[in-house]
1. Specify which residue in the list V166, L243, A226 is farthest towards the positive end of the charge dipole of the chain, using unit charges on the beta carbon of Lys, Arg (+1) and Asp, Glu (-1), about the Cα centre.
2. Against the longest principal axis of the chain, how steep is helix 58-67, in degrees 0 to 90 to the nearest 10, with axes from Cα atoms?
3. Using alpha-carbon positions, what is the distance between the centroids of the range 105-142 and the range 185-251, in Å?
4. Going Cα to Cα from K182, which aspartates and glutamates come in below 17 Å? Please leave out same-chain ones fewer than 8 positions away.
5. Grab the other residues whose beta carbon is less than 10 angstrom from that of T203, score K and R as +1, D and E as -1, and report the net.
6. Would you check the accessible area of K64, probe 1.4 Å, heavy atoms only, in square angstrom rounded to 10?
7. In terms of Cα to Cα distance under 25 Å, which lysines are near enough to K10, apart from those fewer than 8 places away along the same chain?
8. Tell me the angle of helix 80-92 to the major Cα principal axis of the chain, expressed in degrees between 0 and 90 and rounded to the nearest ten.
Amino acid sequence: MKIAIIGYGKMGKMIEQIARARGHEIVSIIDKDNQQEFDSEAFASADVAIEFTSPTAAYGNYLKAFAKGVKVVSGSTGWMKDHGDDVRRLCSEGGHTLFWASNFSVGVAIFSAVNRYLAKIMNGFPQYSVSMEETHHVHKLDAPSGTAITLAEDIIDNLDRKDKWVKGTLLSPDGSLTGSSKCADDEIAINSIRRDEVPGIHTVTYDSEADRITITHDAHSRKGFALGAVLAAEFTATHDGLLTISDMFKF
């Protein structure tokens, strides 16, 4: 399979390594300094482009790839609020293909399934309050993380007493704490921590007067995310439309 890489930071380099090890050809690598590469024949020859950039760049990258008829796998977060409706239209009516996930880790996919199931169980136990915390490296621009938002939305879909998530506290690398973890009874607060080079830790807690139930996914490195992105590219090559992790993993 021919793969283009959009965004050549730590994730992009790891994706390149894993894709080559799995026998794929890297035909184009695009970063902020060679945007003209979008217009190259090499980029247009790609079966799939794997995109990991920033919230401000992602949507424009999708449009450039779609214009060349290239399918996209993307792990960029923070763009959905402003451009989600347009991307859905481009995939449903425009014939384009985007596989988007806030997290490509196989472990996170399993963790998400456990999270949904636990939320369904907790419908019958209103004495438990639910809260969330996510921790990431100091370079991450958005808070809360896209993965945390997805987990919170899955809880909301399965726990009748919760209607929306809200941004909780943010503990910055300099030790300053902003925001508040207080929220209304129908809300879930997501607290965020930014420290060191943490790849990603997500925790969901159900607390009552009697006890506490906690589930956590703790990534050891970015390797699991990169492998998942390449697996998603292999899946996307033979599928069309707006795709998600739930299309690839049937839990």
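1. A226
2. Approximately 40 degrees, to the nearest ten.
3. Cα centroid to Cα centroid, the span is 8 Å.
4. Excluding near neighbours in sequence, the set is E133, E134, D163, D207.
5. So the surrounding residues net to -3.
6. K64 exposes around 80 Å² with every protein chain in place.
7. K2, K32, K64, K71, K140, K223
8. Taking Cα atoms only, the helix is inclined about 50 degrees.
The values are calculated or read from the model by the stated rules, or taken from the named source; none is laboratory data. Note that the structure is predicted; figures quoted are calculated from it, not measured. Every residue, glycine among them, receives a Cβ derived from its backbone with ideal geometry; neighbour counts consider all protein chains shown. Surface accessibility is based on the protein's heavy atoms, side chains included, excluding ligands, DNA and RNA. Shrake-Rupley method; radii C 1.70, N 1.55, O 1.52, S 1.80 Å.
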